[in-house]
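The block underneath contains the structure these notes are about, expressed in structure tokens.
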Amino acid sequence: MTGSLRFACTGCGKCCTGHHVPLTLAETRRWAADAGQVIVLLEAFVTDGPGMPQEQREHVMRRSHPVRCGEGEIRVAVTFAAFNPGRCRNLDDNDRCTIYDQRPLVCRIYPVEINPHIPLRPGSKDCPPQAWQQGPVLIHGTQLIDTELETLVQASRQADRDDIAAKVALCQALGMTTSALKGNGFTAYLPDMGAFAAALAQMPEDAGAQWTLHVEDEALLANLRQQGLRTTHESPVYYAFIGF
Ligand code: SF4
Ligand code: SF4
């Protein structure tokens, strides 16, 4: 992007509807304690192999964790998110957030992108046109001007890195060990929140589980199997495969 982009939130509440909100581990704990449902989204790649976007190498390596998969190794990225298929449970009738002062990092950062490789495109955001025609300069060129927001973005990226090993161990403890291949889709689990909260309280060690890649494309399947990786293309029962 060249030039400047202004922004001021209009408070329309659209970003609080129909979006699963990624949570840090600490936020996940609060969401679960508040009786919220968590959705778990999994994507994986082979280092310098299938699923790995080379141009994002450093970013994806830092927010992923190595796990066994058949005779090989894959790296898994885990997202715990607030399950919001409709209006967020914290959005009141006046489109105000009832936990505003404690809202998750991602809610504070929207509409700014957290992935440094994704440019901010107003057209891909929920904010109405007038939100982009008012307020202070948000971005100049590719530079985020608001230093407070920049701090939040860095905190979110850091939490991704800090939390990943614990999130993988939690997934393994709860049997959520089938991932999609990055760029090909996600697998999505809706864990029983009683069991999830108990695992969160326990914080299990990494017991070194075997992982499986859910891939439906036949050429891709053949490629992965050739590398000794464990794959499946059977209709899932305990998770959903969200293909791209
Ligand atoms: S927690 Fe608050 S800001 Fe975040 S999606 Fe829900 S209502 Fe919106
Ligand atoms: S969609 Fe944009 S303008 Fe509307 S509440 Fe969310 S951040 Fe504000």
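Only the coordinates and a few stated rules stand behind these numbers; no lab work does. Keep in mind it's a predicted model, so treat the numbers as computed, not measured. Virtual Cβ from ideal backbone geometry, glycine too; neighbours counted across all protein chains shown.
Contact order for the range 153-215, expressed relative to its length and based on alpha carbon pairs under 8 Å spaced 6+ residues apart, stands at 48 percent. On a C-alpha basis, how far is the centre of the range 182-211 from the centre of the range 220-244 in Å? Whole number, if you could? That distance is 18 Å. In this Cβ point-charge picture (+1 for Lys and Arg, -1 for Asp and Glu), the chain has a dipole of about 280 debye about its Cα centre. Using Cβ point charges alone (K and R +1, D and E -1), the dipole size of the range 79-129 about the Cα centre works out to roughly 100 debye. For the range 13-91, the residue among V46, S64, C16 whose Cα projects farthest onto the positive side of the dipole built from Cβ charges is C16. All other residues whose Cβ lies under 10 angstrom from that of A173 are scored, Lys and Arg at +1 and Asp and Glu at -1, for a net of -2.
Here the Debye sum runs over all C-alpha atoms of the range 155-232 as equal scatterers in vacuum, and log10 of I(q)/I(0) at q = 0.21, 0.22, 0.25 Å⁻¹ comes out as -1.03, -1.07, -1.18. Our note on the geometry: Cα centres of the range 10-59 and the range 120-180, 9 Å apart. For a straight C-alpha distance cut-off of 23 angstrom, the lysines reachable from K167 (same-chain residues fewer than eight places away being disregarded) are K182. Once the Cα atoms are used to define both axes, helix 193-202 deviates from the longest principal axis of the chain by about 80 degrees. Mind checking which lysines have their Cα closer than 18 Å to the Cα of K125? Skip sequence neighbours fewer than 8 apart in that chain. Straight-line reach from K125, under 18 Å: K14.
For the range 32-76, the relative contact order is 37 percent, taking Cα pairs closer than 8 Å that sit 6 or more residues apart in sequence and dividing their mean separation by the residue count.
Can you give the Kirkwood hydrodynamic radius of the chain from its Cα pairs, in Å with one decimal? Provide the component values of the computation, followed by the final result.
Details: mean 1/r = 0.0519 Å⁻¹.
Every distinct Cα pair counted, the radius reaches 19.3 Å.
Structural descriptor for the chain: relative contact order 30 percent, calculated from alpha carbon pairs under 8 angstrom and at least 6 residues apart. Between Y100, P85, S124, the Cα set farthest toward the positive side of the dipole of the range 33-188 (charges on each charged residue's Cβ, about the Cα centre) is that of P85. Between the amide H of I139 and those of L5, I145, distances stay under 5 Å, these residues lying 5 or more places away or on another chain, with hydrogens modeled in the peptide plane. Relative to the longest principal axis of the Cα atoms of the chain, the long axis of helix 147-173 lies at roughly 20 degrees.
Under 5 Å from the amide H of C69 lie the amide H atoms of I74, W211, each residue being 5 or more positions distant or on a separate chain, with H modelled from the backbone and absent for Pro and chain starts.
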